[in-house]
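The values are calculated or read from the model by the stated rules, or taken from the named source; none is laboratory data. Please read these numbers as outputs of a predicted model, since none were measured by experiment. Here the Cβ positions follow ideal geometry from the backbone for every residue, glycine too, while neighbour counts run over all protein chains shown. Note: areas computed on protein heavy atoms with side chains; ligands, DNA, RNA excluded. Shrake-Rupley method; radii C 1.70, N 1.55, O 1.52, S 1.80 Å.
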Amino acid sequence: METIVKTRIKQVKKGDQNAFAEIVDLYKDKIYQLCYRMLGNAHEAEDTAQEAFIRAYVNIHTYDMNKKFSTWLYRIATNLSIDRIRKKKPDYFLDAEIAGTEGLTMYSQVAADVALPEEELETIELQQTIQKEILKLPDKYRSVIVLKYIDELSLKEISEILDIPIGTVKTRIHRGREALRKQLRHL
């Protein structure tokens with residue numbers, strides 16, 4: 001896949017916009033998932049993923065062809081997600097949690113078509129709880145946990161994306177897991 005992407009990048013650098021559309025198709029789901037796991041909000045994740053592709057397109061001339069494109073793109077998306085977390089403004093979306101409630105969103109005010117089976121509901125609640133606890137982690141731990149366990153990247157790829165040594169990645173993964181374990185102890 002990397003050779004296909006590099007061929008498309010060469011075409012983009014020559015001015016072929018359709019080639020970049022193919023690159024977006026290849027990576028759009030992975031970048032969206034990364035942003036969603038970092039931000040915890042579908043709307044923000046869509047905006048951030050879109051911004052990541054725009055930044056990649058505008059700055060394609062700075063991409064080093066000797067390195068993996070996915071690593072470069074993940075780094076852009078991760079940095080944009082972290083920037084958005086730091087600049088966080090109150091958002092009002094249907095999937096946003098209602099203040100003063102635990103896990104209650106505006107969707108609960110909308111009539112449901114079909115009730116979920118109990119097991120499916122428990123799974124969803126557990127996933128939401130884990131996601132909520134991941135969002136409470138400090139940025140430096142959250143990013144490595146998401147990249148390692150959600151996006152299943154190697155330590156080397158995480159190191160390149162975050163521009164930190166592999167030893168630091170291992171330490172942050174360990175500390176992030178420990179923090180998450182403490183937060184989830186009540187389950």
inquiry  = Consider region 153-187. How many of its residues are on the phi < 0 side of the Ramachandran plot, exposed (fewer than 14 other Cβ atoms within 10 Å of the Cβ) and of a type in the set (D, E)?
reply    = 1
key: Those residues of region 123-152 which are open to solvent by 70 Å² or more (accessible area, probe 1.4 Å) and basic (K, R), in sequence order   = K136, K140
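Restricting to helices (runs of 4 or more DSSP H) lying wholly in region 1-73: which have 2 or more residues that are touching a Leu at 6+ places or on another chain (Cβ under 9 Å) and within 24 Å of I145 (Cα to Cα)?
Passing ranges, in order: 17-39, 42-58.
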ask   = more than 13 Å from the chain's Cα centre (by Cα) and not small (G, A, S) - does that describe any residue in region 30-45?
value = no
key: Test result for L180, part of a loop (DSSP other than H, G, I, E, B), farther than 18 Å from L80 by Cβ and touching a Leu at 6+ places or on another chain (Cβ under 8 Å)   = no
